[in-house]
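K.L.:
The structure's right below; bear with me while I get my questions together.
No lab work stands behind these numbers, since they all come straight from the coordinates. Please read these numbers as outputs of a predicted model, since none were measured by experiment. With ideal geometry, Cβ positions are generated from the backbone for all residues, glycine too; neighbour counts draw on all protein chains shown.
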């Protein structure tokens, strides 16, 4: 497996819903951004999201929390990658998403993921 991609996000009032916790749409965007970063690094270029297969909001995330996101490649095909992103606050799981990302060329069409890019996933 490749090394996971990690990011952190401080949850501010503008990220919150009317309960003072992370708004679901914002959470989905943060998960998607982490999936994009991991896929981009893996293929060394542009990717687009083809699917959000699963998103779980397991606990509320309060304003002022530091949300740690870890994105890990779980599968690589000919043109697509599956990325699982886990969100934690102080070590407790609060979010999880599974995304399918597609490598694209300069005009946005699917492109083959090179064998060396697939092997780095399998060998790591």
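K.L.:
For residue 101, indicate whether it is touching a helix residue (DSSP H, G or I) at 6+ places or on another chain (Cβ under 6 Å) and part of a strand (DSSP E or B). Give the steps one after another, and end with the answer.
P.N.:
Values: touching a helix residue (DSSP H, G or I) at 6+ places or on another chain (Cβ under 6 Å): yes; part of a strand (DSSP E or B): yes.
Here the answer is yes, as residue 101 does meet what is asked.
K.L.:
Given the condition in contact with a strand residue (DSSP E or B) (Cβ under 9 Å, 6 or more places away or on another chain), touching a residue at least 40 places away in the same chain (Cβ under 8 Å), farther than 27 Å from residue 110 by Cβ and part of a helix (DSSP H, G or I), answer yes or no: does some residue in segment 52-63 qualify? Let's see the steps before the verdict.
P.N.:
Within segment 52-63, the subset in contact with a strand residue (DSSP E or B) (Cβ under 9 Å, 6 or more places away or on another chain) is 52-63.
Then keep just the ones that are touching a residue at least 40 places away in the same chain (Cβ under 8 Å); that gives 52-56, 60-63.
If we keep only those that are farther than 27 Å from residue 110 by Cβ too, we end up with 56, 60-63.
Applying the additional criterion that residues be part of a helix (DSSP H, G or I) yields none.
Checked segment 52-63: no residue is in contact with a strand residue (DSSP E or B) (Cβ under 9 Å, 6 or more places away or on another chain), touching a residue at least 40 places away in the same chain (Cβ under 8 Å), farther than 27 Å from residue 110 by Cβ and part of a helix (DSSP H, G or I).
K.L.:
Looking at segment 37-48, can you tell me whether even one residue there is more than 12 Å from the chain's Cα centre (by Cα), surrounded by 18 or more Cβ atoms within 10 Å (Cβ to Cβ), in a loop (DSSP other than H, G, I, E, B) and in contact (Cβ under 8 Å) with a residue 12 or more places away in the chain?
P.N.:
no
K.L.:
Then there is this: Does residue 22 fit the bill of being touching a residue at least 40 places away in the same chain (Cβ under 8 Å), loosely packed, with under 15 Cβ neighbours inside 10 Å and out of contact with any strand residue (DSSP E or B) (no Cβ under 6 Å at 6 or more places or on another chain)?
P.N.:
Details: touching a residue at least 40 places away in the same chain (Cβ under 8 Å): yes; loosely packed, with under 15 Cβ neighbours inside 10 Å: no; out of contact with any strand residue (DSSP E or B) (no Cβ under 6 Å at 6 or more places or on another chain): yes.
No, not satisfied.
K.L.:
Now for a different question. Please verify whether residue 84 is within 14 Å of the chain's Cα centre (by Cα), closer than 16 Å to residue 2 by Cα, without any contact (Cβ under 8 Å) to a residue 24 or more places away in the chain and part of a strand (DSSP E or B), treating the condition exactly as stated. Before you say what the answer is, go through the steps one by one.
P.N.:
Values: within 14 Å of the chain's Cα centre (by Cα): yes; closer than 16 Å to residue 2 by Cα: yes; without any contact (Cβ under 8 Å) to a residue 24 or more places away in the chain: yes; part of a strand (DSSP E or B): yes.
When the stated conditions are applied, residue 84 passes them.
K.L.:
Next up: Among the residues of segment 27-48, which ones are touching a helix residue (DSSP H, G or I) at 6+ places or on another chain (Cβ under 9 Å) and over 16 Å from residue 96 (Cβ atoms)?
P.N.:
As a first pass, look at segment 27-48 and keep what is touching a helix residue (DSSP H, G or I) at 6+ places or on another chain (Cβ under 9 Å): 27, 30, 42-44, 46-48.
Scanning segment 27-48 gives 42, 43, 44, 46, 47, 48.
K.L.:
Do you know which residues across segment 64-81 are within 17 Å of residue 26 (Cα to Cα) and outside any strand (DSSP E or B)?
P.N.:
Matches in segment 64-81: 64, 65.
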